[in-house]
1. Working carefully through the options L517, L509, find the one that is within 19 Å of N471 (Cβ to Cβ), without any contact (Cβ under 8 Å) to a residue 12 or more places away in the chain, of a type in the set (A, V, I, L, M) and part of a helix (DSSP H, G or I).
2. Taking the stated definitions as given, is G258 open to solvent by 30 Å² or more (accessible area, probe 1.4 Å), touching a Leu at 6+ places or on another chain (Cβ under 9 Å) and part of a loop (DSSP other than H, G, I, E, B)?
3. Considering each residue of region 208-243, count those that are aromatic (F, W, Y) and open to solvent by 10 Å² or more (accessible area, probe 1.4 Å), and give that number.
4. Search region 164-180 for residues being open to solvent by 20 Å² or more (accessible area, probe 1.4 Å) and touching a residue at least 40 places away in the same chain (Cβ under 8 Å), and hand back the single one that is nearest to R214 (Cα to Cα).
5. What number of residues within region 90-102 are assigned to a strand (DSSP E or B) and surrounded by fewer than 18 Cβ atoms within 10 Å (Cβ to Cβ)?
6. Within region 481-491, which residues are surrounded by 12 or more Cβ atoms within 10 Å (Cβ to Cβ) and either of a type in the set (D, E, K, R) or in contact with a Gly (Cβ under 9 Å, 6 or more places away or on another chain) (or both)?
7. If a residue has to be part of a strand (DSSP E or B) and either within 26 Å of P330 (Cα to Cα) or among the polar types (S, T, N, Q) (or both) to count, how many in region 213-255 make the cut?
8. Give all pairs with beta carbons closer than 6 Å in which a residue from region 200-228 that is more than 19 Å from T244 (Cα to Cα) meets a residue that is open to solvent by less than 60 Å² (accessible area, probe 1.4 Å) and of a type outside the set (D, E); count only pairs at least 6 apart in sequence or on separate chains.
Amino acid sequence: MAEIRAEEPASTISKTFLIKPKLKSKPRSLPQTPESKYWSSFKSTKIPNLVSSISSLSFSPSPPHLFAAAYSTSVSLFSPLSLSDGDVSPSSTISSFSDVVSSISFRNDGLLLAASDLSGLIQVFDVKTRTPLRRLRSHTRPVRFVKYPVLDKLHLLSGGDDAVVKFWDVAGESLVLDLMGHKDYVRCSDCSPVSPDLFVTGSYDHTVKVWDVRVENSRSVLEVNHGKPVEDVIYLPSGGLIATAGGNSVKIWDLIGGGRMVYSMESHNKTVTSICVGRVRKENDGAESMEDRILSVGLDGYMKVFDFGNMKVTHSMRFPAPLMSVTFSPDCRTRVIGTSNGIIFAGRRKGKENVESGRVGNVLGFESISEPERRVLRPTYFRYFHRGQSEKPTEGDYLVMRNKKIKLAEHDKLLKKFRHKDALVSVLSRKNRENVVAVMEELVARKKLLKCVSNLDADELGLLLTFLSKNATMPRYSSLLMGLTKKVIEMRVEDIRNSDALKGHIRNLKRSIEEELRIQHSLQEIQGIISPLLRIAGRR
């Protein structure tokens, strides 16, 4: 009789799976803050065709605040008022320079303009007549900066590649002080806004030095180390802080505190080339006040606006070229940026503008800066599908890396489509020998090179023969190209006989091979002379 057993309950196996945490969706780009709207409201005017890189920009301190741009061997003066009308032509140009102009600076009354060039000469011009009034020459190397003190009309400051800072008496056309201390090129300087005797200089030796012309031994009174070659340095309006630019960072230093670093802003991806102070108008409970910002530009093409009161970047703007210089007008209505390809981007704001919701703006149309209400993203918005792509991972997140899409060259695309002849012709027309040889080796591996050669027309065959005549004798490529040369001549001999142009290519090829043979014979003769001497020396 069969034994009946009670059915045992099946054992359950439990397994815990790691669940990916749900991240709060955030928009790809946050709504613009009032300050971002302020900086974006500068109506940009493009001033093109200035020949070369804009090495220096400077605003006149007196109304209507002309600005000067230094490029190549010229200095051009522009009126900000004409920018509103779309006029980009300079009001006047100074061209009495024998070398590239490196720096310019207006005197505090706006009547005189000092300019230096790479020949080591400093000139002082009358702004209205463009007449050179003084010629100061003492530097033995190119002068990189010239600066008028903020509170002094009689003196001038300069420095350059001779690592010497010079203090000039402009009226007497004479040198007052030679300030030694830097060990490399001196590239930038700024004068104190509170004292006519204090100024600061930056050098490629990574140091920034504070000088006082009243000190008898002509030594710096304070020194800080930026850590990278210093491209620009400015005093902040209080006079107790300075900002230095070098590498991809802008650093703020407390001079009153003995040179203590306050903050380092490193939001640029490439070298920061120029910095300046900009101002925005702010309203608090009906009372207006001005707030200062640091404007920085770099080779990455970005302009950054840095609030050094709250230690944060408040705005960023991208330009289509590396940026070399930036300046901001004293009336806070014009911003000018110079690029490396000879283009100036001049931004101009209107004097009075209406603000949304029926409220009337202040003088600059800028209201109190406050955190805006964040707009909730919905699936009907385009940004909804791009949310979170710019977020950085935090602890506990799963990071999935996506391979960057490789941009293929034209010949690579043609090879992928098995258009072998078109790929060979395309790479031959580019005249990059490494790419040509690489394509030929790929065609050899596919056993299609000779077929491509047989299908070339007369012009394409001329391109191939030109390449062979220039590169067949190079030792790096000769093993492939000499064999190919022989095959090309054997296969296309009839075409070569019927074309004078192809015969010319063959003559060039023959000359290059004969020249290479002559060189090899000479080298063998030299080797025959040297070998016995080396054997004799080895026996000793």
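1. Of L517, L509, the one residue that is within 19 Å of N471 (Cβ to Cβ), without any contact (Cβ under 8 Å) to a residue 12 or more places away in the chain, of a type in the set (A, V, I, L, M) and part of a helix (DSSP H, G or I) is L517.
2. yes
3. 1
4. L177
5. Result for region 90-102: 2.
6. K487 - this is the single residue of region 481-491 that is surrounded by 12 or more Cβ atoms within 10 Å (Cβ to Cβ) and either of a type in the set (D, E, K, R) or in contact with a Gly (Cβ under 9 Å, 6 or more places away or on another chain) (or both).
7. So the answer is 19.
8. Cβ pairs passing all conditions: V213/F167; S218/L177; S218/L179.
The values are calculated or read from the model by the stated rules, or taken from the named source; none is laboratory data. All values reported here derive from a predicted model rather than from experimental measurement. Every residue, glycine among them, receives a Cβ derived from its backbone with ideal geometry; neighbour counts consider all protein chains shown. Side chains are part of the model used for accessible areas, which takes the heavy atoms of the whole protein and leaves out ligands, DNA and RNA. Shrake-Rupley method; radii C 1.70, N 1.55, O 1.52, S 1.80 Å.
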